[in-house]
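Every number in this text was worked out from the coordinates using simple rules, so none of it is lab data. These numbers come from a predicted model, not from an experiment. Here Cβ is always computed from backbone atoms with ideal geometry, including for glycine, and neighbour counts include all displayed protein chains.
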Amino acid sequence: MNWKTILAILSCNIIFMSASYTMLIPFLPMYLTQELGVDAASVNLWSGIVFSSTFFVSAIMAPIWGRMADTKGKRLMAIRASVLLTVSYFLGGIVTSPEQLTLMRAFQGFAAGLWPMELAIMTLYAPPEKLGLCLGTMQGVLTGGGVIGPLLGGILAECFGMRVSFFLAAAGLLFNSFMFIFFVKEPPDPARKDTSTAEAVPVEKSSSLLHIPLIRDMLVCGMLVQMVILILQPIMTTYITGLAGDLPNLIFVSGLIFSLGGIAGAITAPFWGQFGQHHGFFKAMSLALVFAGVSITIQGIPDNLYWFAGMQFAGGLFFSGIYPSINAILAANTPSRLKGSIFGLSFSTQQIGSMAGPLLGGAIATFWGMKYVFFTAGAILIVLSFAVHHRFIADSAAKTSTEPLMK
């Protein structure tokens, strides 16, 4: 199949996947109180349990599904994930208690793995010179779906109730299943002897990937970046509300400001991919990290809603350059037969970051104040940027051994 056709199909699938997820997640506390009878005193506890159950299970299962993708087929694992996620969303629409919702979310974690399979499929179809463009486009579409989802979810919840949102999400994932079944073929299996990394990694052992310092460093970077993203989410709406004061239409304004980063990221992600393709993905990653870190740090300084909104948009411009760079580096330094394993491992480490982020953010906000959550998140990204620059750009030995793969 032509790589452009695959990119178009996967982009369509990613929209449905991302929008289906994000049109439900922000409203789960409301679902717990309005539909499942959880009282206000217990809703925060149940929200934490419901959220974390998915991350915990998917962190365990993602590497397993990744290894199976390399032996059974990446298309088959994408179909598996789509079908099981369809079932999970349908079950979410018929649950009647918070315990059942927790079990549904745990099952959703078991089913997860669609995004890493789409990355693996695309990296095998994409020409090396178009890898950055493809991964940047996919990241932009993923972010765009994350903007569409909450808006659609809010409208549906207001007009029809949240159960309809679950059923619509199930329909979106069922559509994805049909797209993989009827329109996507298994990626071509390149020659067993992968010239880019065949000497570094025995293709029959996916565990060997963790023995490579470069791979380990990128997985840790991905985990820390995901932790930073999730460290902010628990306090973002509260922080915006505090800045807004008595502003009318507060819920709409909060949602709009919250979505500004996603809008910016959806626009710029393909450009970051192309920048990395031409100038090196390590350089793109280092620049994106430092500017994203500075933007987040500044968000914690002013007591002005409009300045905060501007920095939220600016942060989105730079955040969108991080994951395409990480994914491109992982893809370029992994044998073709282990693409499923590497993106499964990457997804697993990001889920660990997703679990750690809200806990750390909540603790910092409780003991030091919300502004320090932004300062901590910014500091993590800035330190990561300097570490990437020192390890892979300034170090001439590392640069000559790895950077040519990125161009």
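Using θ = phi - 60° and the Karplus form 6.51 cos²θ - 1.76 cosθ + 1.60, what ³J(HN,Hα) does each residue of segment 342-354 get, whole Hz, x for Gly and Pro?
5, 6, x, 5, 4, 5, 5, 5, 5, 5, 4, x, 5
For the chain, with the dipole built from +1 on Lys and Arg beta-carbon atoms and -1 on Asp and Glu ones, taken about the Cα centre, which of HIS390, ILE296, LEU124 lies farthest toward the positive end?
LEU124
Provide the three semi-axes, in whole Å and in decreasing order, of the ellipsoid equivalent to the chain as defined by the square roots of 5 times the Cα gyration tensor eigenvalues.
Semi-axes from the Cα gyration tensor: 33, 27, 18 Å.
Tell me what the chain gives for mean residue ellipticity at 222 nm when only DSSP H runs of n ≥ 4 count, each as -39,500 (n - 2.57), the sum divided by the residue total, rounded to 500 deg cm²/dmol.
Value at 222 nm, helices only: -26500 deg cm²/dmol.
In whole Hz and in residue order, list the ³J(HN,Hα) couplings for segment 110-120 that follow from phi through the Karplus curve 6.51 cos²θ - 1.76 cosθ + 1.60, θ = phi - 60°; x for Gly and Pro.
My calculation for segment 110-120 gives 5, 6, 4, x, 5, 4, x, 5, 5, 5, 4 Hz in order.
Rounded to whole Hz and in sequence order, give me ³J(HN,Hα) for segment 75-86 from the Karplus expression 6.51 cos²θ - 1.76 cosθ + 1.60, θ = phi - 60°, writing x for Gly and Pro.
4, 4, 5, 5, 5, 4, 4, 4, 5, 5, 5, 4
So if I take the centroid of the Cα atoms in segment 344-394 and the same for segment 47-126, what is the distance between those two points in Å?
24 Å
What order do you get for 138-151, 304-317 when each peptide is scored by the mean count of other beta carbon atoms within 10 Å, highest first?
Per-residue mean Cβ counts within 10 Å order the peptides as 138-151, 304-317.
Fewest Cβ neighbours within 10 Å first, please rank ARG75, ARG80, ARG216 accordingly.
So the ranking, lowest neighbour count to highest, is ARG216, ARG75, ARG80.
Can you give the net charge of the other residues whose Cβ lies under 13 Å from the Cβ of ILE181, counting K and R as +1 and D and E as -1? Mind dumping the intermediate values first?
Values: positive: ARG75, ARG80, LYS185; negative: GLU186.
That works out to +2.
Over the residues of segment 1-187, compute the C-alpha Rg and express it relative to 2.2 N^0.38 Å.
1.05
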